[in-house]
Amino acid sequence: MSDHAHSRPERSGTPIWDPSHQGTGPALGGRPGPPPAHPGPAAGGVTFAGVLMLMNGILAMFQGIAALAEDDVYARVGDYVYEINLTGWGLILLILGGVAAVTGWGILTGADRARTVGLFMASLSLVLQFLFLPYAPLWSIILIGIDVFVIWALAVYRPTTPRSPRAA
């Protein structure tokens with residue numbers, strides 16, 4: 001008899017420690033489960049993006065109301081290539097702010113199309129804030145940064161739950 005454990009056969013004649021079978025059999029207690037799901041940083045980011053989009057929409061509505069009131073909240077801009085009067089900006093910001101707020105709420109509740117609409121709305125908001133730079137430069141730069149984050153978070157997020165097939 002040998003002193004080595006390698007010479008002890010199992011019932012089937014193959015040693016228990018045979019490395020060619022490692023990881024091929026079921027785990028203790030039955031079938032192996034799926035690997036642990038690690039959603040990554042975007043999973044929390046998409047929730048934060050939903051909150052930011054909701055708040056961005058509400059603040060854009062306030063921004064639009066202030067522009068519609070035509071008080072002296074915003075600076076008067078002289079010659080500007082993309083000049084729109086404050087009433088026009090007020091209507092644009094009020095309407096798009098409402099749509100952005102509803103989209104942010106949809107992202108938070110997990111609505112199917114909210115992520116796609118959110119990408120579009122954040123992109124549109126980014127462009128509009130660029131055009132609004134002369135009226136409120138610091139605020140527009142802050143919102144552009146928020147829009148970039150929202151676009152990133154919504155673009156990289158992939159839900160872990162499979163979608164149910166649609167009935168045909």
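Couple of notes before you dig in:
- Whichever residue in segment 88-129 is of a type outside the set (Lys, Arg) and outside any helix (DSSP H, G or I) and, among such residues, is most open to solvent (accessible area, probe 1.4 Å): ASP112
Yes or no, residue by residue, for (1) at pLDDT 55 or above; (2) under 30 Å from GLU83 (Cα atoms); (3) open to solvent by 90 Å² or more (accessible area, probe 1.4 Å):
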| site | (1), (2), (3) |
| --- | --- |
| GLN22 | yes, no, yes |
| PRO26 | no, no, yes |
| PRO36 | no, no, yes |
| GLY45 | yes, no, no |
| GLY50 | yes, no, no |
| MET53 | yes, yes, no |
| MET61 | yes, yes, no |
| ALA66 | yes, yes, no |
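The values are calculated or read from the model by the stated rules, or taken from the named source; none is laboratory data. A quick note: this is a predicted structure, and the numbers were derived from the prediction, not measured. Protein only, heavy atoms only, side chains kept; ligands, DNA and RNA dropped before computing areas. Shrake-Rupley method; radii C 1.70, N 1.55, O 1.52, S 1.80 Å.
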